[in-house]
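Colleague: Structure below; questions to follow.
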Amino acid sequence: MSISTGSRRVLEKGPSGWLAAPALFFFLLFAIIPLAGVFFLSFTKWDGLGEIKLDGLSSWTTVLTDPVTGNALWVTAKIMFFSFVVQAPISLLLGVFTSASQKYRAVLAVLYFVPLLLSSAAVAIAYKALLDPNFGLGPGLGIPFLAQDWLGNSDLVLFVVVFVIAWQFVPFHTLIYQGGVRQIPASLYEAAQIDGAGRVQQFFAITLPQLKYTIITSSTLMVVGSLAYFDLVFVLTGGGPGYSTRLLPLHMYLTGFKANDMGAASALGVILVVIGLVLALVLQRLGGKNRNASQLEGA
C-alpha cells in the first residue's frame, strides 16, 4: 500500500494540536467552568438552598475581615512549612535508599508504599483510636508518654497532624525520588569512585544536582498539596481544639456547609486557588528558564 503525500506529511510532522482537544475539553468542563462558577458565587448571598442573590463585595469583606480566616491561613502556612521540612528530606533519603538493586530494598520499598494505599479517612480514624488517652496505644502498653491527650492539647495537635500527614504521603514522594535516582547514569558514580569520592561526596556532588527537577516537582506537589488537606484533618481533629487545626480548606467547608454561607465559602475557595497557583509558579521559577529540560542534560 502506498502512503499519500498528505498522510506522509502528517506522519512527518508528528501529532497535531487537535489531539489535545479532548484533554482541553475536559479541563474546561471540570476545572475552568466550575472555577468560574465559584468566582461568580463569591459575589452572591446564598445559603445553598434558596435563591441566589447578588451581594457585591459583601462576602469578600466578611471573609477578609474575619479573624478566623487569618488564623486559618496561619495554620495552613505552619502545616505547609512543617510538612515540607519533615517530608522532603525523609522522602529524598528513602528514595535514594530504595533505588538500589538489592532485593531487601525492593521489599522495603513495597512496605513503605503501603500507607499511600489507605484512604485518608481510614488513616485518621486509626490514629484517632491509637492516640486516645484512655483506650489508645499508650494506656494499652502502659507507656505514660503515649497516654497524653495528643489531639486535645493545642500545643501538640499541630505536630500530630504533621506526623500523620508525613506518614501517609512520604511514600508517594519516595516513589518520585526513586524513579529520579534510577535515571541517573551509573557511569557518573563509577567515575566518582575512580576519583576516590565516597558515598556522601557522591550524594552531594552527583545525586542532588541530577535530581534538581525531581526535587522541584516533588516540592511543588508537597507544598501545593498542603492546601488540600481536608478529609484527614476533618476526621482526625475536626479543626480543634478550638481553631488549632482549622485549615483554610476546612474553614471553607465549615463556612459553606455548617454556617450555610456559600458566598463566603466561594470566596475562600478562590483564595485557595490563587494561593496554590502563586506557590506553584514560584516553585517552578526556581527551576530556571529551562525547567522542562532533562535532568540528564550534560551527563
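The values are calculated or read from the model by the stated rules, or taken from the named source; none is laboratory data. These numbers come from a predicted model, not from an experiment. Neighbour counts run over all protein chains shown; Cβ positions are idealised from the backbone, glycine included.
Colleague: Residues that are surrounded by 19 or more Cβ atoms within 10 Å (Cβ to Cβ): find the helices (runs of 4 or more DSSP H) completely inside region 167-239 holding 2 or more of those. Spell out how you get there, then give the answer.
Modeller: Details: elements: 186-194, 199-202, 212-225, 231-236.
Correct list: 212-225, 231-236.
Colleague: Mind checking which pairs have a first residue in region 220-240 that is free of Cβ contacts under 8 Å to residues at least 40 places away in the same chain and a second that is of a type in the set (Val, Ile, Thr) and not in a helix (DSSP H, G or I), Cβ under 6 Å, 6 or more apart or different chains?
Modeller: Qualifying pairs under 6 Å: Gly239/Thr245.
Colleague: Return yes when Ala100 is on the phi < 0 side of the Ramachandran plot, outside any helix (DSSP H, G or I) and modelled with pLDDT under 95 and no when it is not. Give the steps one after another, and end with the answer.
Modeller: Numbers: on the phi < 0 side of the Ramachandran plot: yes; outside any helix (DSSP H, G or I): yes; modelled with pLDDT under 95: yes.
Yes.
Colleague: Would you kindly identify the helices (runs of 4 or more DSSP H) lying entirely within region 5-78 that contain at least 3 residues that are under 19 Å from Ser266 (Cα atoms) and either modelled with pLDDT under 95 or touching a helix residue (DSSP H, G or I) at 6+ places or on another chain (Cβ under 6 Å) (or both)? So that I can check it myself, show each step before the final result.
Modeller: Values: elements: 5-13, 21-27, 33-41, 58-65.
The helices (runs of 4 or more DSSP H) meeting that bar are 33-41, 58-65.
Colleague: Moving on. Can you spot a residue in region 91-109 that is within 15 Å of the chain's Cα centre (by Cα) and either surrounded by 13 or more Cβ atoms within 10 Å (Cβ to Cβ) or of a type in the set (Ser, Thr, Tyr) (or both)? Give the derivation first.
Modeller: Here is the first cut: in region 91-109, the ones within 15 Å of the chain's Cα centre (by Cα) are 91.
If we keep only those that are either surrounded by 13 or more Cβ atoms within 10 Å (Cβ to Cβ) or of a type in the set (Ser, Thr, Tyr) (or both) as well, we get 91.
Among the residues of region 91-109, at least one is within 15 Å of the chain's Cα centre (by Cα) and either surrounded by 13 or more Cβ atoms within 10 Å (Cβ to Cβ) or of a type in the set (Ser, Thr, Tyr) (or both), which makes the answer yes.
Colleague: Could you check Tyr253 against (1) free of Cβ contacts under 8 Å to residues at least 24 places away in the same chain; (2) among the hydroxyl-bearing types (Ser, Thr, Tyr); (3) under 18 Å from Phe169 (Cα atoms) and say which number it fails?
Modeller: Every listed condition holds for Tyr253 apart from (3).
Colleague: Find all pairs meeting these conditions: Cβ atoms under 9 angstrom apart; at least six residues apart or on different chains; first residue within region 130-145 and farther than 15 Å from Leu236 by Cβ; second residue among the charged types (D, E, K, R).
Modeller: Between residues of region 130-145 that are farther than 15 Å from Leu236 by Cβ and residues that are among the charged types (D, E, K, R), the close pairs are Gly138/Asp132; Pro139/Asp132.
Colleague: Within region 142-152, does at least one residue satisfy the condition of being under 18 Å from the mean Cα position of the chain (by Cα) and assigned to a helix (DSSP H, G or I)?
Modeller: No; the residues of region 142-152 include none that is under 18 Å from the mean Cα position of the chain (by Cα) and assigned to a helix (DSSP H, G or I).
Colleague: Using beta carbons and a limit of 9 Å, which pairs, at least six apart or on different chains, have the first residue in region 162-178 and in contact (Cβ under 8 Å) with a residue 40 or more places away in the chain and the second one surrounded by fewer than 22 Cβ atoms within 10 Å (Cβ to Cβ) and outside any helix (DSSP H, G or I)?
Modeller: Between residues of region 162-178 that are in contact (Cβ under 8 Å) with a residue 40 or more places away in the chain and residues that are surrounded by fewer than 22 Cβ atoms within 10 Å (Cβ to Cβ) and outside any helix (DSSP H, G or I), the close pairs are Gln168/Leu118; Tyr177/Ser99; Gln178/Ser99.
Colleague: If you don't mind, there's one more thing I want to ask. Can you tell me which residue is surrounded by the fewest Cβ atoms within 10 Å (Cβ to Cβ) among those in region 240-270 that are within 20 Å of the chain's Cα centre (by Cα) and of a type in the set (Val, Ile, Thr)? Give the derivation first.
Modeller: Of the residues in region 240-270, the ones within 20 Å of the chain's Cα centre (by Cα) are 245-253, 268-270.
Pick out the ones that are also of a type in the set (Val, Ile, Thr) and you get 245, 270.
Numbers: Thr245: 26, Val270: 17.
Filtering region 240-270 for residues that are within 20 Å of the chain's Cα centre (by Cα) and of a type in the set (Val, Ile, Thr), the one surrounded by the fewest Cβ atoms within 10 Å (Cβ to Cβ) comes out as Val270.
Colleague: Additional query: Within region 103-127, how many residues turn out to be touching a residue at least 12 places away in the same chain (Cβ under 8 Å) and in a helix (DSSP H, G or I)?
Modeller: Residues that pass the stated criteria total 12.
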